[in-house]
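Scroll down for the structure; my scribbles are underneath it.
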Amino acid sequence: MGKNIALIIAGGIGTRMHQDIPKQFINVRDKPVIVYTMEVFQQHPNIDAIEVVCLYGWHDILRAYAKQFGITKLESIVDGGTTGLQSIRNGLYDVAERYHDDDDIVLIHDAIRPLVSQEIISDNIRVCREYGNAITVIPCTAVMLKTYDSLISDAQIPRDNLKITQTPQTFFLKEILEVHQEAMEKGINDSIASCSLYVELGRELYLSHGSEKNIKLTTSEDIEIFSALLQATRPEWLRK
């Protein structure tokens, strides 16, 4: 059986937070956001290694946090790129320096989704190994309106066939490296996520179960929600 490698993307600056430090390093209840994220993968019995794509200048701080909080699975830290796609590519190339088995898979995850659960990780691994990849999704429960000017709408999009994507997004390492190579050859450099890259290249995606709690910390309000969830949630929830 191949290895399961968590590739955590923490290369963003986070301007929407209006903070002096990157959002992934903001302390919430005396612990940086990225540590919460790494801890979930550290605690999962089927995760073999952790790689972090980190903002330049923060590597030593991240290593210190990993030592302080017992993140023993952290193997490597690399710089992010100028785009999210380039950051992922940097991480994939570094992972590929150490892992070469055709059965190795990589779980690409946003550092600022610290409430990813053990169940979500397990389902990603299961779906990827059974079908070839796994995209974490939740149902779309809102009414979806179509607009062309952000002011007026006269149409809705049926939500029954819509899913909202989250991370992790999990792939066989060998295949996603091939996908990135194909994308570069075709001049595709602005995909906002790995799943959209697959769609642009005409490849099928397989869906894995996400959670409403698996929120992405984009704004200061999200930090407040995260803090409240930490306080309200039973401590063992993150270890299930």
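What FRET efficiency do you get for residue 97 and residue 224 if R0 is 30 Å and r is their Cβ-Cβ distance, rounded to the nearest 0.05? E(calc), rounded to 0.05, equals 0.15.
Expressed as a whole percent, the accessible area of region 1-143 that falls on carbon and sulfur atoms is 49 (1.4 Å probe).
Helical runs assigned H by DSSP (4 residues or longer) give the chain a calculated mean residue ellipticity at 222 nm of -10500 deg cm²/dmol, each run adding -39500 (n - 2.57) before division by the residue total.
Per residue, region 16-55 exposes an accessible area of 40 Å² to a 1.4 Å probe, with every protein chain left in place. Report note on the peptides 182-188, 128-134, 164-170: ranked by the mean count of other C-beta atoms within 10 Å, highest first, their order is 164-170, 128-134, 182-188.
For the chain, give the magnitude of the charge dipole about the Cα centre (Cβ charges: +1 Lys/Arg, -1 Asp/Glu; no others), in debye to the nearest 20.
About 660 debye.
Of all DSSP beta bridges in the chain, what percent run antiparallel (nearest 5)?
In the chain, approximately 45 percent of DSSP beta bridges are antiparallel ones.
Here the calculated FRET efficiency for residue 64 and residue 216, from their Cβ-Cβ distance with R0 = 25 Å, stands at 0.50, rounded to the nearest 0.05. Of the residues 225, 78, 107, the one whose Cα sits farthest towards the positive end of the charge dipole of the chain is 225 (charges of +1 on Lys and Arg Cβ, -1 on Asp and Glu Cβ, taken about the Cα centre). Per residue, the accessible area of region 122-213 comes to 60 Å² when a 1.4 Å probe rolls over the protein heavy atoms. In region 196-236, the portion of solvent-accessible area held by carbon and sulfur atoms comes to 53 percent [1.4 Å probe, whole percent, DNA, RNA and ligands not counted]. Across the chain, the convex hull enclosing all Cα atoms gives 147 Å³ per residue. Projected over all directions and averaged, the alpha-carbon convex hull of region 1-113 occupies 7.0 nm².
The values are calculated or read from the model by the stated rules, or taken from the named source; none is laboratory data. Here the structure is a predicted model, which is why all the values come from computation and not from measurement. Methodologically, a virtual Cβ is constructed for each residue, glycine included, from the backbone with ideal geometry; neighbour enumeration extends over all protein chains shown. All accessible areas refer to the heavy atoms of the entire protein, side chains included, with ligands and DNA or RNA removed. Shrake-Rupley method; radii C 1.70, N 1.55, O 1.52, S 1.80 Å.
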